[in-house]
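Worksheet: one structure, shown below.
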Amino acid sequence: MIKEELKCGSNIRQQGRVACAFNKYNSFNILLLAFLIICLPIIPIKAAIFSDGFEDGLGQWGVSGNATISDDQAHGGLNSLKTVSSGYAAKSFNIIGPTSDFEIWFYDTLDSPSYTNASLTIDLDYWDGSIYSWRRFTFELYVGDSMYATEYLSDPPGFSGVGTGSALRTEGWHKMTIIFNQDQTIMKLDDITLDTLNFSDWGLMPTPVIGNMILNFGSTCLLYWDDVTVTNITTTIPPTLSPITDLQIEECSVKHDSVGLTWTSPGTDEKSYDIRYRESQITEENWDSANQCIGETTPLSEGTRETFTVNVPKQGAQYYFAIKTADNASPPNVSELSNVVNARILLDVPYFNQKRKADSTLEDWASDTYWATTQYNEIGNVGCHLTSVAMIIKYYKQYHSSLNMRTYIPDTDPKIFNKWLEDNIKDVYGIDFPEGYAAEIYTQGAIRYSRPKQRNDFQVNLDLKNKYPSILKVLHDDDEEHFVVVTGSCPGVGYKINDPGWRARKDLSYYNNKTYVEYRGFRAGYSRESTPVILAKALSQSPIFVELLLTNSEGEKTGFDPISYTTKEEIINSRYFLDAIQDSFTGEVDRKWKELDVESPLIGKYALYIVGRETGTYKVDVFTMNSSFGVVTKEFVGSISENEIKKIFINYSSVPGEQTQIFEDNTPPITYLKSEGIKFNAFNTTYITPNTIMGFEATDPVAGEGSSGVKYTEYRINGIDWLPYTSTFTITTEGQYIIEYRSVDNVGNIEEIKSQTTFVTIIPEYVLIGINGIKINGNPKIAGNIRSNGDINLTGKAIVYGDAYAEKIDFTGKSTVTGQIIQNALKTNPTPIDLEEISTIAIQNNDNNIIPLTQKGRNPLDKNLKFKMTDKDSITLSTGLYYFTEMDISGNSTINVNGNVNIFCTGKIKLTGKSVLNYTSNANNLIIFVNKNDKSKEAEKIEITGDSQVKAIIYAPYSAIEISGNTNIAGYLFGLEGRVSGAATLKSPIITINNVVSMYNKASIASLNIFADPTFKLGEIYSYPNPAKQTNPKIHIEVGVADKLEIKIFNMNGEQIHSANLTDLPQVIDNKYVYDYEWDTTNIVSGIYLYVIYAEKQGEKPIKVTRKLGIIK
């Protein structure tokens, strides 16, 4: 109802707009308007006249003179910034009811000092119900140095004068209101009354109103116009400008579980904040996928400093943050993205001060003698090394990724660690930073020290991401060295630190050049004597010569990803890093390697990739150990080029007695396309039916020591998206398809794409198709289905052991069809296979040159490419494509076929006199396509008569096919017309008749040994036993082969109590596809139940059947 009223209102507005633009009404318009006014209900309405683009509102803009309207800027919601040039633009609207109030919101930009010629005209048209009592009263709002109104009676012409009020122009939103009272109408600008119309002065009544609005500008004028509404003024929410777009996050403070953001409030015009974060850069494109914060505040007054704390889930992770604002419009106007800031979340590293507590008293260890000094000195003076390492050890005691390895880490502090060092570590001469090496011994390998390195921000950030706090060597202004623990990073500040010397120092700004000079890494380690592990080392002279990448069966990665060129550590308890042995005297690096390890790996298949970053030779050692201390090691040595990838398969097992397999596998799988059902190959294409079941088989060949196995197979049809192969499928629509497929093994070797051109056709589903009609008379026997777009006529004693599909089927005499008789059948494509392209191939690339001489030494092909045999001659054609302009075989001659023979013919085909065409081979081995010649609309007929025998598939869409005499044909025939007479026998090649005489006995088609028909159609559906007494009932379903089959069972109250989806292929029982489903009734009470069978197949009408069954307990 509402939509119809609005549509009607839109028509009124269109009529009103035209009248306004030309300032006149004709009698037809007036009658129409009056009729609509009388018909429309007198109710208040709210109508959005303007909308984005102005063209989507109720009514349209009309333009006169030289005026133009353009969309300079979309303003959001129903607001738009418009430019109107010289001339005027008119828009119509209507107001129904005497008590409605009318508002227009507009925004004055003050872009120019004066718009003396700019005006907004509101026409108020009144009727008292009589055509001749119509009046128009006009308010005009002039926009100049100030805003003022005029009024005049425009039709019929009358009074004109200046309004009683005016208002100074100010930038911002303004509301113009027309208020309808019982005896007057008032025009207001904001709170200032500009004009008043007393109805008593003019003899008018406040009856239904039709209004028009005109924007009239002598020069270009920029104004924001919002929606025009008829509503209660007191409930109107003023429109707002789009939110600000320059909000800036000014400060960012970081803790181990949160980040504080600080900015200056843009003001209360913005009604809400939307604060989001993610672990990668935030953009407008990925804004919706970022994590939205909970509990965002509302904006405070403009200029107020605001702070919001974002709780984040991951220590050490780098997060990006941004803010948007929104107003309270519906839908809200949303600002652009603020600046984006990022911060590395602090690791929760416990803090130790080497000398002072928080209350400035001395720590318990401050005066202890530092263990490594050769003369008396205290931890409080020189113990920054020791105290920093103690913080690292304490951190891993709490956060080591392995709960088991935490038990190897003592609960320590600088005093305890110093005492252990003094008692256990004696000779440290020449060792730089001995506490780092000692930490490995102290924690029994639960912490690993990665030796001193020069400044390396990448490694520091990578360690932080992996929750590994590092120790940095910094210098005071006098170049005295000091050590601090890095715990995170923050924009504008840099690395955040735990400084063992000064509790208040939280970053590197206190040190020389505000940076560090050396890095010392610590990582979570493991004990090879007790912990299952997968470990790989790649040795090279260059640290970037080769990289390693390990993936598990879930697709998680650890190592260097060559696709994103980033380092990942996604596998649980895994790490990847560059390590080295450095000479403690010279500082030179003896060896470098990339190391990748997984502690306590899950049982399963892993792929280890050796990624070439440069060209050269490589050496990779792989070490695995399971929980029963079974160790397998393997060394791989070879050459590799830049961007080349070598693949190693690891089948990890922790089961006692089972050994982990490790071997190289760079050989891709091999995939085969399989099909079950009727098919034939011709002219480089595989032809199948809509019921042919297709699938793939893939193997991963053994190369060297083993194969990793096939991980998945995928395929696509006609270049559409790749699909994972999960089960067999059918293609039900006729036409040509290119099926591409490939497989991938468990180490990522990808097979080259294979393809097969496949044509889906119904031809092999029918022994005879005559497009325009089929006539069968005499005593022929046809074993198989027949089809026509025209009529089928059967006379005499003709028998069809199969189904018949046609527009109309007529029977005369004793003729019969044993299967289904389908009249008004769907039309089939008269030319499903395009012969033109095949014709070109046959003419240009045939194998006529390999045709041998006949048995009698004759050349059967003349210069005009007519193939002719006679006089009991014989020939054998081998695999190939042959092009003939005519075929004439007579006189008891024989053509044998060896392999797959394709014949393309453009003339007549005649087989007479007991001649034989491929009767010793399969019909699928001889394919004959017949085309018309260039000058004729129809090809010459195909004639097979005189006790001849044929096994072939013949496609001749322009030829009539005539079969007579005692001819015996096994195959599929497709022609323009089909004519069968005499005692001819025509059968499908998939039907085997042990005794041909049995065919003459009117045996049903079920007596023939035929493959199960997968056609989607309703067969028998029943349950047994029924009732089922103290046993589970089985539901027997015959619908051919379905894409989806669902069973739902209801009690007699209509409540569903059970459902099942049958996903397996049906069984073949008595040459029928059968689904058998057993219902478990253990918890089912005695009673009568309804079961509903619902089956679907693409391109077919669904099948739905309801049956009853009984349960007796």
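The values are calculated or read from the model by the stated rules, or taken from the named source; none is laboratory data. Remember, it's a predicted structure, so these values are computed and weren't measured experimentally. Every residue, glycine among them, receives a Cβ derived from its backbone with ideal geometry; neighbour counts consider all protein chains shown.
Just wondering, is there one or more residues in segment 374-392 that are at pLDDT below 85, out of contact with any Phe, Trp or Tyr (no Cβ under 8 Å at 6 or more places or on another chain) and of a type outside the set (S, T, N, Q)? Looking through segment 374-392, at least one residue is at pLDDT below 85, out of contact with any Phe, Trp or Tyr (no Cβ under 8 Å at 6 or more places or on another chain) and of a type outside the set (S, T, N, Q).
For segment 630-637, does any single residue satisfy the condition of being touching a residue at least 12 places away in the same chain (Cβ under 8 Å), exposed (fewer than 14 other Cβ atoms within 10 Å of the Cβ) and among the β-branched types (Val, Ile, Thr)? Yes, the conditions are met somewhere in segment 630-637.
When the residues of segment 663-691 are filtered to those that are within 36 Å of the chain's Cα centre (by Cα) and among the aliphatic types (A, V, I, L, M), the one that is nearest to Ser639 (Cα to Cα) is Ile670.
Is there a residue being crowded, with 21+ Cβ neighbours inside 10 Å and either in a strand (DSSP E or B) or in contact with an Asp or Glu (Cβ under 8 Å, 6 or more places away or on another chain) (or both) anywhere in segment 750-757?
No, there is no match, as no residue in segment 750-757 is crowded, with 21+ Cβ neighbours inside 10 Å and either in a strand (DSSP E or B) or in contact with an Asp or Glu (Cβ under 8 Å, 6 or more places away or on another chain) (or both).
When every residue of segment 694-713 is checked against the conditions, none turns out to be in contact with a Ser or Thr (Cβ under 8 Å, 6 or more places away or on another chain), assigned to a loop (DSSP other than H, G, I, E, B) and either basic (Lys, Arg) or in contact (Cβ under 8 Å) with a residue 60 or more places away in the chain (or both). Quick one: in segment 307-329, which of the residues that are crowded, with 20+ Cβ neighbours inside 10 Å and of a type in the set (D, E, K, R) is farthest from Tyr277 (Cα to Cα)? The extreme case among them is Asp327.
The single condition from (1) of a type in the set (Phe, Trp, Tyr); (2) under 23 Å from Gln661 (Cα atoms); (3) buried (at least 17 other Cβ atoms within 10 Å of the Cβ) that Tyr741 fails is (2). Please determine whether any residue of segment 956-963 is of a type outside the set (Gly, Ala, Ser), touching an Asp or Glu at 6+ places or on another chain (Cβ under 6 Å), in a strand (DSSP E or B) and within 16 Å of Ile782 (Cα to Cα). Yes, segment 956-963 contains at least one residue that is of a type outside the set (Gly, Ala, Ser), touching an Asp or Glu at 6+ places or on another chain (Cβ under 6 Å), in a strand (DSSP E or B) and within 16 Å of Ile782 (Cα to Cα).
When the residues of segment 837-859 are filtered to those that are in contact (Cβ under 8 Å) with a residue 12 or more places away in the chain and under 41 Å from the mean Cα position of the chain (by Cα), the one that is nearest to Pro957 (Cα to Cα) is Ile838.
In the set Pro469, Pro414, only one residue is under 48 Å from the mean Cα position of the chain (by Cα), touching a residue at least 40 places away in the same chain (Cβ under 8 Å), assigned by TED's automatic domain parsing to the domain that holds Lys496 and buried (at least 19 other Cβ atoms within 10 Å of the Cβ); that residue is Pro469. Say whether the condition of being under 25 Å from Thr443 (Cβ atoms), in the same structural domain as Glu279 (by TED's automatic domain parsing) and touching a residue at least 12 places away in the same chain (Cβ under 8 Å) is met by at least one residue in segment 353-376. So far as segment 353-376 goes, no, none of its residues is under 25 Å from Thr443 (Cβ atoms), in the same structural domain as Glu279 (by TED's automatic domain parsing) and touching a residue at least 12 places away in the same chain (Cβ under 8 Å). Glu529 fulfils the conditions (1) part of a loop (DSSP other than H, G, I, E, B); (2) within 30 Å of Tyr442 (Cα to Cα); (3) modelled with pLDDT under 80; (4) in contact with an Asp or Glu (Cβ under 9 Å, 6 or more places away or on another chain) except for a single criterion, (4).
Of all residues in segment 385-411, those being more than 48 Å from the chain's Cα centre (by Cα) and crowded, with 23+ Cβ neighbours inside 10 Å number 6.
Going by what's in this entry, would Thr667 be described as surrounded by 18 or more Cβ atoms within 10 Å (Cβ to Cβ) and modelled with pLDDT of 90 or more? Break it down stepwise before answering.
Values: surrounded by 18 or more Cβ atoms within 10 Å (Cβ to Cβ): yes; modelled with pLDDT of 90 or more: yes.
Here the answer is yes, as Thr667 does meet what is asked.
Strands (runs of 3 or more DSSP E) wholly in segment 233-349 with at least 2 residues that are at pLDDT 85 or above - which ones? Show your work before the answer.
On the way: elements: 249-254, 258-264, 272-278, 305-311, 318-326, 341-344.
Hits in segment 233-349: 258-264, 272-278, 305-311, 318-326, 341-344.
Reported count of residues in segment 1041-1072, each being loosely packed, with under 15 Cβ neighbours inside 10 Å, over 23 Å from Ala1028 (Cα atoms) and over 37 Å from the mean Cα position of the chain (by Cα), is 3.
Scan segment 311-325 for residues that are touching a Phe, Trp or Tyr at 6+ places or on another chain (Cβ under 7 Å), farther than 16 Å from Ser489 by Cα and among the aliphatic types (A, V, I, L, M) and jot them down. Listed by number, the list holds a single entry, Ile323. Would you confirm whether any residue within segment 920-937 is within 18 Å of Ile782 (Cα to Cα) and in contact with a strand residue (DSSP E or B) (Cβ under 8 Å, 6 or more places away or on another chain)? Yes, there is a match, as at least one residue in segment 920-937 is within 18 Å of Ile782 (Cα to Cα) and in contact with a strand residue (DSSP E or B) (Cβ under 8 Å, 6 or more places away or on another chain). Counting residues in segment 686-694 that are touching a strand residue (DSSP E or B) at 6+ places or on another chain (Cβ under 9 Å), under 28 Å from Lys646 (Cα atoms) and either assigned by TED's automatic domain parsing to the domain that holds Asn902 or surrounded by fewer than 19 Cβ atoms within 10 Å (Cβ to Cβ) (or both) gives zero. Evaluating Pro332 against the criteria (1) more than 39 Å from the chain's Cα centre (by Cα); (2) in contact (Cβ under 8 Å) with a residue 40 or more places away in the chain; (3) crowded, with 17+ Cβ neighbours inside 10 Å leaves one unmet condition, (1). Here Val428 meets each of (1) at pLDDT 80 or above; (2) out of contact with any Ser or Thr (no Cβ under 9 Å at 6 or more places or on another chain) with one exception, condition (1). Considered as a group, the residues in segment 648-693 that are among the charged types (D, E, K, R) and outside any strand (DSSP E or B) include one that is nearest to Ile762 (Cα to Cα), and that residue is Asp665. From Ala580, Ala607, which residue is among the aliphatic types (A, V, I, L, M), modelled with pLDDT of 90 or more and either touching a Leu at 6+ places or on another chain (Cβ under 6 Å) or at negative phi (or both)? So the residue among Ala580, Ala607 that is among the aliphatic types (A, V, I, L, M), modelled with pLDDT of 90 or more and either touching a Leu at 6+ places or on another chain (Cβ under 6 Å) or at negative phi (or both) is Ala607.
Of the numbered criteria (1) in contact with a Cys (Cβ under 8 Å, 6 or more places away or on another chain); (2) farther than 30 Å from Gly383 by Cα, the one Ala290 fails is (1). Residues that are surrounded by fewer than 16 Cβ atoms within 10 Å (Cβ to Cβ) and among the basic types (Lys, Arg) within segment 1073-1112 comprise Lys1101, Lys1104, Arg1107, Lys1108, listed in sequence order.
Return a yes/no flag: does segment 507-516 have any residue that is surrounded by 16 or more Cβ atoms within 10 Å (Cβ to Cβ), part of a loop (DSSP other than H, G, I, E, B) and modelled with pLDDT under 85. Taking every residue of segment 507-516 in turn, none turns out to be surrounded by 16 or more Cβ atoms within 10 Å (Cβ to Cβ), part of a loop (DSSP other than H, G, I, E, B) and modelled with pLDDT under 85.
Would you point out which residue out of Leu794, Leu853, Leu826 is among the hydrophobic types (A, V, I, L, M, F, W, C), assigned by TED's automatic domain parsing to the domain that holds Arg979 and within 19 Å of Ala960 (Cβ to Cβ)? Spell out how you get there, then give the answer.
Numbers: Leu853 fails: within 19 Å of Ala960 (Cβ to Cβ); Leu826 fails: within 19 Å of Ala960 (Cβ to Cβ).
None of the others qualify; the one that does is Leu794.
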